[in-house]
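Below is one structure, written out as structure tokens; comments come after it.
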Amino acid sequence: MNQYSLSEWQQKAAALKLEGRAWIGGAYSDAENNATLTSINPANNNKLIDIADCSEADVERAVGFARAALDSGDWSQLAPAKRRKVLERLADLVAEHAEELALLECIDMGKPIADALAFDIPETEHCLRFYAGAIETHTDEVLPTESHVLATVTREPVGVVAAVVPWNFPLMICCWKLAPALATGNSVIIKPAEQSSLSAIRLAGLAAQAGIPAGVFQVLPGQGQVTGQALGLHTDVDCLTFTGSTQTGKRFMAYSAESNLKRVWLECGGKSPQIIFSNCQQLERAAAAAAAAIFINQGEVCIAASRLYVEDDIYEQFLQLLLKEAKQYQPGDPLDPQSRAGAMVDQLQFDRVVSGVNEAIAAGARKLTDAPLIVNQSQGWYLNPTVLECDSNNNPLMREELFGPVLGVCRFSGEDQVIALANDSVYGLGAGIWTDNLGQAHRVSHQLHAGMVWVNSYADGAITVPFGGRKQSGFGRDKSIHALDKYTDLKSTWIDLSH
Ligand code: NAD
């Protein structure tokens, strides 16, 4: 890991050559009528660059290229071993450009450079490598039937896949969709979030360098309600894979119903609970994990454990430990390698969190952290880590996703009560349990309505393990070998052997 100082990172950021155009049909391209959106650095509110604001006409053009590429077979019919080589080359290029890509994430969405370098970019590279390798292990089937018949089940690419992605881990989540979809031979169109399009745009250039044919991978920056909606409604898009808010996820179900019944995969919001039982012997470790679980990436994390339930007997003791840990996440310049938290992605998200906190306090929540929520004397959108004590799940803070560095804490008494509290949510993404009782760990984990449960840790992850939720957190899974199924169709072929 490099050891640059803040001023060295600032110089590197200033020297970046930014690209804001779409990538359509194998070339950078302006949007129709040269329409643009402004990309802002949330750390100082300065303009970075204009990015293409793609219209329905641009979507039409890109879908045409994607379909033509698919039909040509240049990628969709390429031998898996050859596809593997190209994806591995792309992973190599991501590694070679790690510093540049990390800087793009940092200046575009406000995350700390240290996190982008240590997490976002290596995870992106690993994801590409994993699916490159996985494609040669994804086998077809011959199934038992009557003896005069041979029945095979082969996997085929779904076709044109559109991926609409959020701004919180821009490149990594883009590749959670892109890598398995490309590995299985599809043509993929990425619609990055308005707030953080630069890394996906850059990746397109690297993908071409790696040898991905024109039309197989395209990037259309633009507004959700225009570009995203046009992809969702397009009758020649076969699959729409989405990560973002539950509200937008519901729109994609409707778009599919109103158009061609394209398959839709949703990874949506969360309000994940974390439970600290009084028999937990490692309270310091649990407090450090509870703080990291909500304050990393400014709380802009779908699996953020934003609801904390602490058992009566240890409540006061645990809160003291937690408040000490929270102080470590005071935000700083995202380019400062010492910063453990950066700036909120934009004013809209900043305002949303501030009004959510005001609403929680008006409903009776008590603020436990000393520092004011808003960091003053700054041009950027900075918020301090904030802990609020709530009496029950009735407080809106315990129900609504804020997507910011704000933790709601509530005390509980006994296993049954906390299981009911934890499951009392429209979401079901992640959940954490801290206990030294093995039976309790299994019992509670089994009863929690969540796609992922962590016991005596929080947010561990590996590309080999599925990621996703239940209820209004969505369905389908990113990561792991299972994600390949999302981007393939099964074909059953019957061959009569009797003649
Ligand atoms: P968002 O739903 O506002 O936007 C996500 C994407 O959808 C963006 O590209 C946006 O342009 C597009 N979009 C917005 N409105 C649209 C519309 N009407 N039609 C078509 N496309 C539209 O979400 P966000 O604010 O970017 O991201 C934050 C949300 O994402 C949070 O709810 C968070 O929990 C969720 N998230 C979930 C996961 C997961 O894996 N479950 C991971 C990261 C983020």
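The values are calculated or read from the model by the stated rules, or taken from the named source; none is laboratory data. In this text, all values refer to a predicted model and were calculated from it rather than measured experimentally. Because the Cβ atoms are built from the backbone with ideal geometry, glycine has one as well, and the counts that use them run over all protein chains shown. All accessible areas refer to the heavy atoms of the entire protein, side chains included, with ligands and DNA or RNA removed. Shrake-Rupley method; radii C 1.70, N 1.55, O 1.52, S 1.80 Å.
With R₀ fixed at 25 Å, the C-beta to C-beta distance from Asn394 to Asp312 puts the FRET efficiency at about 0.85. Karplus-based coupling profile of the range 487-499, in residue order and whole Hz: 10, 10, 10, 8, 10, 8, 10, 9, 10, 7, 9, 7, 10, with θ = phi - 60° in 6.51 cos²θ - 1.76 cosθ + 1.60 and x standing for Gly or Pro. Taken over the range 6-268, the ratio of Cα radius of gyration to 2.2 N^0.38 Å equals 1.02. Using the Karplus relation 6.51 cos²θ - 1.76 cosθ + 1.60 with θ = phi - 60°, the per-residue 3J(HN,Hα) values for the range 345-361 come to 4, 6, 5, 4, 5, 4, 5, 4, 5, 4, 6, x, 5, 4, 5, 5, 5 Hz, with x marking Gly and Pro. Highest-first packing order for the peptide set 456-467, 267-278, 405-416, 176-187 is 176-187, 267-278, 405-416, 456-467, based on the mean count of other beta carbon atoms within 10 Å. Altogether, the Stokes-Einstein calculation at 37 °C and 0.692 mPa s, with the Kirkwood radius of the range 335-401 over Cα pairs as Rh, returns a diffusion coefficient of 252 µm²/s.
The percentage of C-alpha pairs in the range 172-298 whose separation is greater than 21 Å is 52%. For the range 406-449, the Cα gyration tensor yields ellipsoid semi-axes of 17, 13, 11 Å (square root of five times each eigenvalue, largest first, whole Å). Mind checking which lysines have their Cα closer than 24 Å to the Cα of Lys471? Skip sequence neighbours fewer than 8 apart in that chain. Straight-line reach from Lys471, under 24 Å: Lys177, Lys250, Lys262, Lys271, Lys479, Lys486. Split the accessible area of the range 273-463 by element, probe 1.4 Å, and carbon with sulfur accounts for 48%. Relative intensity of the chain on a log10 scale, I(q)/I(0) at q = 0.09, 0.12 Å⁻¹, equals -0.63, -1.08, per a Debye sum over C-alpha point scatterers of equal strength in the absence of solvent.
Under the Kirkwood approximation for Rh and a Cα-based Rg, what ratio Rg/Rh is obtained for the range 273-463? My calculation of the ratio gives 0.95. Here the 3J(HN,Hα) profile of the range 419-425, calculated from phi with Karplus coefficients 6.51, -1.76 and 1.60 at θ = phi - 60°, is 5, 5, 5, 4, 7, 7, 7 Hz, Gly and Pro shown as x. Note on the range 243-337: semi-axes of the ellipsoid equivalent to its C-alpha gyration tensor, largest first and rounded to whole Å, are 36, 19, 8. Rolling a 1.4 angstrom probe over the range 6-268 with all protein chains present gives an accessible area of which 50% lies on carbon and sulfur atoms. Normalised by the number of residues in the chain, the mean separation of alpha-carbon contacts (under 8 Å, six or more apart) gives a relative contact order of 18 percent. Per residue, the solvent-accessible area of the range 32-160 (1.4 Å probe, heavy atoms of protein chains only, all protein chains present) comes to 43 Å². Working ranking of peptides 133-142, 285-294 by packing, defined as the average number of other Cβ atoms within 10 Å per residue, highest first, is 285-294, 133-142. In whole angstrom, how far apart do the alpha carbon centroids of the range 283-324 and the range 55-130 sit? Going from one Cα centre to the other spans 34 Å.
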